[in-house]
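Worksheet: one structure, shown below.
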Amino acid sequence: MSSEPDPLPLDRVADCVAFEIVGIDLAGPLFLKSGEKVWIALFTCANFHAIHLELVNSLTTDSFLLSLRRFIARRGRHRTIYSDNGTNFRCAFNDLSKPLTYVSEDPGELIPLTPAMFLGESHSYSVSDIEEVDSQKLSKRIKYRRKLFNDLRQRLRKEYLSELIQKCNEKSSREPKVGEIVLFEDDNKKRLFWPMAKIIELIPGRDGKIRTVKLKTQHGTVLRPVQRVYPLEIRANENCVTQEVAEHRTTPLSVKGDIDDVSSELDNGG
């Protein structure tokens, strides 16, 4: 018997820009060659899991506030911040609250969603020379960019939020599934640089349990034991992918130039 899993918090599924809702924590200390200690302020987007790192020289409130100012200057103002209520965070909150008087291989296959797709959403301020701007092309470009981002949001909801491991409420180990996006262990590389692959075949052992998987990588196919394969938080949705690929193939681009470059970057993994 199993109970219905709890719904995700509203801040995890809110329709907002990257880093509008963030979690903050400090990692460290790290030791420099000079013998000094430093810490890393980790800002994590609650919606897209994008991260932003800032170096801090101490655990004081002033050091954290400086890192927060740098974060806001780079990523924009946030709406909500979550923290572990550390002393420096609470003091920073009090300081900020004070009143100032009496803020794939197949080119047609959709690439796995990656956080990088959302980071530039609200930070593209450059425009062409005003004398060369065509109002019709500019209008079409804006509509296309809006459609592109809305499509990304739909993919996020279908392929990521609906497949969060937290949502699945899986308390025990599970068998891999065909179409799942995974990382596989490489002894010659650090974990940060392990290759990404897609499971295309499950190979059972003599006892009938899945012992080996066949993976499709950027350079071909490989066999790996399940113990050396690590699932990501998302699983491939073949029906969704097939449908969206068909839509992208049959929908002509209305604007050339920069729009072609954007589309090409998405198809090639950005």
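Among residues belonging to segment 177-205 that are surrounded by 13 or more Cβ atoms within 10 Å (Cβ to Cβ) and of a type in the set (Lys, Arg), point out the one that is farthest from the chain's Cα centre (by Cα).
Looking at the filtered set, the residue picked out is 177.
When you go through (1) aliphatic (A, V, I, L, M); (2) modelled with pLDDT of 85 or more; (3) part of a loop (DSSP other than H, G, I, E, B) one by one for residue 22, which number turns out not to apply?
Here residue 22 meets the rest and fails (3).
Residues in segment 54-68: is at least one in contact with a helix residue (DSSP H, G or I) (Cβ under 6 Å, 6 or more places away or on another chain), modelled with pLDDT under 80 and assigned to a helix (DSSP H, G or I)?
No, segment 54-68 contains no residue that is in contact with a helix residue (DSSP H, G or I) (Cβ under 6 Å, 6 or more places away or on another chain), modelled with pLDDT under 80 and assigned to a helix (DSSP H, G or I).
Quick one: residue 214 ticks every box in (1) at pLDDT below 90; (2) assigned to a strand (DSSP E or B) except a single one, so which number is it?
If we test residue 214 against (1) at pLDDT below 90; (2) assigned to a strand (DSSP E or B), just (1) comes out false.
When only residues in segment 13-48 that are surrounded by 14 or more Cβ atoms within 10 Å (Cβ to Cβ) and in contact with a Pro (Cβ under 6 Å, 6 or more places away or on another chain) count, which is nearest to residue 90 (Cα to Cα)?
Top of the filtered list is 39.
The values are calculated or read from the model by the stated rules, or taken from the named source; none is laboratory data. Computed from a prediction, not measured in an experiment: that's the story for all the values here. Don't worry about glycine lacking a Cβ; one is built from the backbone with ideal geometry, like all the others, and counts go over all protein chains shown.
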